Amino acid sequence: MASGARNGGGGLGSRTTAKMDRQQGSTATPKAPAGKPRLSAAGGGAYRRTSSGPLPAAGAGGGRNSSESGVSSRVRVAVRLRPRNAEEQAADADFADCVELQPELKRLKLRKNNWESDTFEFDEVLTEFSSQKRVYEVVAKPVVESVLEGYNGTVMAYGQTGTGKTFTLGRLGDEDTAARGIMVRAMEDILADITPETDTVSLSYLQLYMEMIQDLLDPVNDNIAIVEDPRTGDVSLPGATVVEVRDQKSFMDLLRIGEAHRVAANTKLNTESSRSHAILMVNVRRAVKGRSEMNVSMSAENGHSSSMMDSLRPPIVRKSKLVVVDLAGSERIDKSGSEGHTLEEAKSINLSLSSLGKCINALAESSAHVPVRDSKLTRLLKDSFGGTARTSLVVTIGPSPRHRGETTSTIMFGQRAMKVQNMVKLKEEFDYKSLCRRLDIELDKLIAENERQRKYFDDEIERITAEAQYRVAEAEKECKVSLENEKMKYHQEYLDSIKILEEKWKVHQQSPKKQIKEESTSNGDVQDLLQNEKMLRQSAEDESNDLKNQLSHWKKMEATATAEVVRLRRMLDTEASQKDKLEEEIAVLKSQLMQLSLDADETRMSLDTGDGPGKIFPGLDSLMSHSRNSQPREQSNGPKAPVAKLFEQVGLQKILSLLESEEPDVRVHAVKVVANLAAEEANQEKIVEAGGLTSLLMLLRSSEDETIRRVAAGAIANLAMNETNQDLIMAQGGVTLLSMTASDAEDPQTLRMVAGAIANLCGNDKLQTRLRGEGGIKALLGMVKCGHPDVLAQIARGIANFAKCESRAATQGNKVGRSLLVDDGALPWIVKNANNEAAPIRRHIELALCHLAQHGYYSFSLTQLK
Ligand code: ADP
Ligand code: MG
């Protein structure tokens, strides 16, 4: 055990002057160890509490957390002198006190005789005039404060019976509060310092007599066992009554009860209180608030997870114990043996006290063995001497020289005790019980909160579900209404469409009727045309009926679709696509209706004007197509039929007579019909027989209208395919008429017709000379300036035809001399167009060149070509 105390490390002062005041002749005065702190008065006589600086605090980990390395703290010892009592004042009146106190020097002089004394230093020297308050402050207060900080503490009084141990420790001060002893004052300070909400103070009050521990709070409990923790060595008295103290009054009551029990027990045991040890054990349990607050703030910086960890960290508690021991009288038993105990009993009575003395001696001498286990008192005070407690001893002495021996022995006890070093340690530990309680409360709170939230969520879900159901119902209702509206709208549109269609049909029916009526007044035969038209209309009506059937079919389809839509009304996408589909079908239907109407218009227009897109003159087109491409006719199958019927029904004579009608329109219609008929080879003879050719030639001569001339020329061209007709055309001056038409015409199609007609005539062997004579070749070549490929093709064909006939005549020997074609200047054009890009032109020219070569112009031609 360390012999030197750390300056300032203890609670009882820091003065280190330890000079021994040797009186003359004195040799036995024990020397206080150099460098040891001593009790010192700090300002105004009050003891300065120099509680330590860096006392080790509990570590964060581990179960038990008393600081591992304690701070060295010497047992503090004060000496208190009792004033002379009445008996002493009388008996010792002539004698001086056996001690002389020098409190300012903290010295006590023990007189050996009149001229010799020993001087002893104590941590404090308390004279007979020292107040109870001062004694408390010097002896006990630093220990009490230390206990409140978490250290164990011991305050003990040692001395001869009657020197004031109980007076110092146990006075209640009922009559005079100034007389309150250390126990009362200590408890006042403790109760004043603790926080009732977090800290607890409890106590046990015991008496040790004849090595038996009696419970002064429950006297039945008269042999309480000391239990030692095998791990820590801490001793405890689990059998003792422990009472929690909340206020000073209840503490005082407990002290009184204890005292009363002590008196009763001593009576029963036939002893005196001076022979027993009274032990008050005060347990202080305090929560370390500052630490946990610091932990929380640190954890807040480290984030949520460490805060969680901290909430699971048990709070730290400091458990400290204040032991106040009023020892039995220290006088030798044999000396006070008035009680009549046997020597064995006396030994037993004094066992604890003598053991304490031995232990203190051993500790003071740093002996290897300290006989702690020899008595119950030393076992109970194990922590107070050589342990971890802060210990303060007050030795009480009387002034009487008659008791010098006891006084000396008491002083020596105190001196030895001053050499005992303790290692004070903080008694901190984790408070798992409190953590458990806190977590239980937290858990209850969380469960309650959880239930509250669950209920809230359940309510929310219920509310949202109800709202959603309401909205769905609303949406369904709206959807149903809008679907119904849509359906009605479409239905109405269909009805309107049908109505419009029917109105159109009525208009169609009325309009031609009206016209036919007018025409029938001018020409009854046109009624037949109308009849024909009626048939056409009938077919159109059939088509309309078909369409109506389609409509009703569509309506059925729509009904099915509507049923489908109703079934899938919640699926808005499907509904939308269905709607689109319906709209598409409506569009198709409308376009069909429009087409029908257009067809009807066209039919009507055709009949009105006769100016159709080739339907009336398919023959002419096919003729041209035939002559150009040598391909079979493909057109005129459908639309020709009504014209042919017309021809049969109306009669050719009537149609031809219309060519001379006063009405220009009628003439145009008639010439188109005739031309159309002339396109058919079967009709050509009949037309010519009925005078149609003559009428056509007349039109060519007389008509101002180029359309008529063009159509007439086309018809003549068709008729000119026949050899007999060619003769007739020539005979009636057709070549001259065609030449005139060619020179007047501006429309390439007119020129094409004229060129076609002349080209056909060019192919007649017998008419060569006459054709040339009437200017046919020149007219043909004159049309070259038009430049239209169709016209040029006809010209080339004419030249080829002509050249063929000439070469044929030359071959047969019928013809001699120059080519008429060459004479009329055809050769340059032939040569020029021999490589024409248009195949029909090129082919006819090549043919013409072949014929010319045979005729004797071969070399010429080749020369020209080269
Ligand atoms: P102990 O407990 O040591 O046997 P007590 O405390 O019973 O001694 O004291 C014996 C007597 O001396 C008591 O009457 C007590 O009032 C008185 N006495 C003790 N100390 C003082 C003191 N400092 N001042 C006045 N009277 C005292
Ligand atoms: Mg006493």
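The values are calculated or read from the model by the stated rules, or taken from the named source; none is laboratory data. These figures come from a predicted structure and were not determined experimentally. Don't worry about glycine lacking a Cβ; one is built from the backbone with ideal geometry, like all the others, and counts go over all protein chains shown. The accessibility values were calculated without ligands, DNA or RNA, using every heavy atom of the protein model including side chains. Shrake-Rupley method; radii C 1.70, N 1.55, O 1.52, S 1.80 Å.
Taking the Cβ-Cβ separation of residue 823 and residue 509 as r and a Förster radius of 56 Å, what is the calculated FRET efficiency to the nearest 0.05? All intermediate terms of the calculation are to be shown ahead of the outcome.
Working: r = 64 Å, r/R0 = 1.15.
Result of the calculation: an efficiency of 0.30.
Just to confirm a number: summing +1 for Lys and Arg and -1 for Asp and Glu over residues other than residue 285 whose beta-carbon lies under 9 angstrom from that of residue 285, what do you get? Mind showing how you got there, number by number?
Details: positive: 286, 318, 319; negative: 199, 431.
It works out to a net charge of +1.
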Along the Cα→Cβ direction, 7 angstrom out, place labels at residue 465 and residue 447. What is the inter-label distance in nm? 2.7 nm
Using only Cα atoms, locate the centre of region 423-440 and the centre of region 387-404, then give the distance between them in Å, rounded to an integer. 37 Å
If you build the convex hull over the alpha carbons only and average its shadow over all orientations, what do you get for region 437-588? Give it in nm² to one decimal. 12.6 nm²
Ignoring ligands, DNA and RNA, how do 218, 580 rank by accessible area with a 1.4 Å probe, largest first? 580, 218
Rounded to the nearest 10 Å², what accessible area does residue 574 have for a 1.4 Å probe in the complete protein model? 40 Å²
In region 529-563, whose amide N lies under 14 Å from the spot 7 Å out along Cα-to-Cβ of residue 583? List them in ranges. none
What's the extension gain from residue 574 to residue 854 if we count 0.36 nm per residue and subtract their Cα-Cα distance? 92.7 nm
Label point distance in nm, residue 312-residue 567, each placed 7 Å from Cα along Cα→Cβ: 6.0 nm
Rounded to a whole number, the Stokes-Einstein D of region 88-163 in µm²/s (Kirkwood radius over Cα pairs; 4 °C; 1.567 mPa s) is 88 µm²/s
How many nm separate the modelled label positions at residue 706 and residue 484, each set 7 Å beyond the Cα in the direction of the Cβ? 6.8 nm
Applying the Karplus parametrisation 6.51 cos²θ - 1.76 cosθ + 1.60 with θ = phi - 60° to the phi angles of region 430-446, what ³J(HN,Hα) value in whole Hz is obtained for each residue in order, glycine and proline being reported as x? 6, 9, 5, 4, 5, 4, 4, 4, 4, 5, 4, 5, 4, 4, 4, 4, 4
5 Å is the cut-off here: which amide hydrogens, built 1.01 Å from N in the peptide plane, fall below it relative to residue 102, excluding neighbours closer than 5 in sequence? 107, 108, 109
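Ordered by packing density, taken as the mean number of other Cβ atoms within 10 Å over each peptide's residues, highest first, how do 548-556, 789-797, 764-772, 736-744 rank? All intermediate terms of the calculation are to be shown ahead of the outcome.
On the way: 548-556: 12.9, 789-797: 25.6, 764-772: 17.9, 736-744: 20.3.
Sorting 548-556, 789-797, 764-772, 736-744 by mean packing, highest first, produces 789-797, 736-744, 764-772, 548-556.
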